[in-house]
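J.: What follows is a structure written as structure tokens; I'll ask about it next.
The values are calculated or read from the model by the stated rules, or taken from the named source; none is laboratory data. The structure displayed is predicted, hence computed values, not measured ones. Because the Cβ atoms are built from the backbone with ideal geometry, glycine has one as well, and the counts that use them run over all protein chains shown. For accessibility, only protein heavy atoms count, side chains too; no ligands or nucleic acids. Shrake-Rupley method; radii C 1.70, N 1.55, O 1.52, S 1.80 Å.
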Amino acid sequence: MATDNPFCKIPGEIWLRVFRAYITEAQQFLNWHDSPFPPFTLSAVCQDWRKVALTNSVVWDKILVVLPDVYADDEGEDEDSEVVRRFRRYINQVELWIKRAGDRLLSINLTSKDPVFSFGFDCPAAKLVPQLVVKHASRIKELDLIVSTDWYDILNGAEFPNLQTLRLAIVDVTQQDNECEISVDFRDPVSASSLDLTKCPKLSIVELDGGFDHTNIVLPWSQITDISLRYLIPSDCAQVFDRLPNLKRCALGLALCLDSDDSADLDGSEEIERRDEPHIEDLELDEMLPGTAEIILKSLPLSVKHLLLGSVLKDGDHRFLLETIPTFGETLQSLTIRHTFQDYDAIRELLPKLPGLTSVEIAIPGGLDNRLAHLLSTPGVLPRLQSLKIVDFGPTRMGDEALLDLLRHRVTGDIGCDKLKVIYLRLPGSLKQVNLAGETLKELRRMLAEGLDISVYDASINDRSNTNLVLRQ
């Protein structure tokens, strides 16, 4: 029967693009507890959609599942319990998902709503997860997995010939960190046995959420170029740099329950010498003790191009940052400061020492005022700056004229600098408190129309859809 429905005339390749966009969006933002299997949802809508989904394996090669809780009661696991039956249905669904991906390489993300307290890793049903991973190891290119030492013996020695990216959350460590204070110098291994994952010839990107050495996880360290580590103790940092000589990107964060704010030299000496390697280009330091951050910055080769500094644990003298960061002035191109300082005084002192910066991002509690705008309008200060992002949490005291002077000079380049291409302002309070005058908004909108990528947000609205909310009023 003929139909006038325009959706019936849309080619399959267009639907395929829509499906892929939907699945990507679902993995990032949708409630997976309500709709845990997006490709199956798409294939159940109508016959045409089912045909598109089942004839295109690319729809099925990205697997993200939030596993339901599974646990054993005091009498052991009951195979006939609804909890176990539901868990096994999830595993069977993942197996079908993998089958429908055909011979494509897989990205697999298997997580849990509450792995620390509500997931029984030692249950026979739960061990179906690592068994599934090992079964399909040859096809996995990206693996994101919650892991317990109860699974080490199953995963140990598995061969992953196509694995490029590995993310592991070791719950034994995160549970330990939630329950007790941790020594800054030492902590016991989480397992007497090790987890050998060295048979991954293509592995280059690793994220371990659970520490470093004491996890007893063995990887092909020398081939890894990108690593992110959380729940570290200070002495871990030196071991990271020792074992990974080819690192290009490194993100480090300490455990939250360290029992001291004292950080001894990582190499055990009073004199801190710069290493010959690794030549890290992208460095992120978050949740750091001041002493640990200082030693890292003083010991790494002067190769860092992109530096992100997050919050610093405990109260301490952060002036060392004003001395150590400028030593990277020859290579440093972008600097991100997030809650590292309490006000803009240190920022104003630091920025003139970094002439090579092309990108600056600042997010600190102190109120923004005219002095930063005047500094950035000064000839010779950040002459190569092209992107400026400021998230301000305090009472903003920067006047309209100071803001406009900054933009006029930077957009035209009339102070002998590169032209500013991107500016992002997230200001505190309601839109009425942002308090930009009508003529100011008019000029900002003119700059936007002429090609400047300018965004002004209301920081009181936590909504990623409010792009240029202020400028749209």
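J.: I want to check the label-to-label distance for Thr198 and Ile10. Put each point 7 Å from Cα in the C-beta direction and report it in nm to one decimal.
T.: 5.2 nm
J.: Measuring from a point 7 Å past the Cα of Arg17 along Cα-to-C-beta, which residues in the stretch 50-68 have an amide N at less than 15 Å?
T.: Within reach of a label on Arg17: no residues.
J.: Over the Cα atoms of the stretch 91-144, how large are the radius of gyration and the largest Cα-Cα distance (Dmax), in Å?
T.: 12.0, 36
J.: OK, next. Can you list the HN-Hα couplings for the stretch 349-357, worked out from phi with the Karplus curve (6.51, -1.76, 1.60; θ = phi - 60°), rounded to whole Hz and with x for Gly and Pro?
T.: 6, 7, 4, x, 8, 10, x, x, 5
J.: Roll a 1.4 Å probe over the protein heavy atoms and report the accessible area of Lys202 in Å², nearest 10.
T.: About 110 Å², rounded to the nearest 10.
J.: If I take R0 = 22 Å and measure r between the Cβ atoms of Asp226 and Glu159 in this structure, what FRET efficiency does the formula 1/(1 + (r/R0)^6) give, to the nearest 0.05?
T.: E(calc), rounded to 0.05, equals 0.50.
J.: Around Leu335, under 13 Å between beta carbons, what's the net of Lys plus Arg minus Asp minus Glu among the other residues?
T.: The answer is +2.
J.: A further question follows. Relative to the Cα centre, what is the charge dipole magnitude of the stretch 86-163, using +1 at the beta carbon of each Lys and Arg, -1 at the beta carbon of each Asp and Glu, and rounding to the nearest 20 debye?
T.: 460 debye
J.: Moving on to the next point. Answer with one residue from Cys123, Ser148, Leu105: the one whose Cα lies farthest towards the positive end of the charge dipole of the stretch 94-151, charges on Cβ with Lys, Arg +1 and Asp, Glu -1.
T.: Leu105
J.: How many nm is it between the label spots at Ala44 and Asp114, if each spot is 7 Å from the Cα in line with the beta carbon?
T.: Result: 2.7 nm between the two label points.
J.: A follow-up question, please. Taking 0.36 nm per residue of sequence separation and subtracting the Cα-Cα distance, how much length would be gained by fully extending the chain between Ser57 and Thr24, in nm to one decimal?
T.: Residue separation times 0.36 nm, minus the Cα-Cα distance, leaves 10.4 nm.
J.: Also: Calculate the FRET efficiency for Glu273 and Thr412 from the Cβ-Cβ distance with a Förster distance of 35 Å, rounded to the nearest 0.05.
T.: My answer for the efficiency is 0.15.
J.: What length, rounded to one decimal in nm, is gained on full extension from His318 through to Leu132, with 0.36 nm per residue of separation minus their alpha-carbon distance?
T.: Net length gain for the segment: 62.2 nm.
J.: Å³ per residue of the Cα convex hull, for the stretch 200-253?
T.: 67 Å³
J.: Within the stretch 271-314, which GluC sites (Glu not before Pro) sit in a loop by DSSP and count at most 10 neighbouring Cβ atoms inside 10 Å?
T.: Glu271, Glu273
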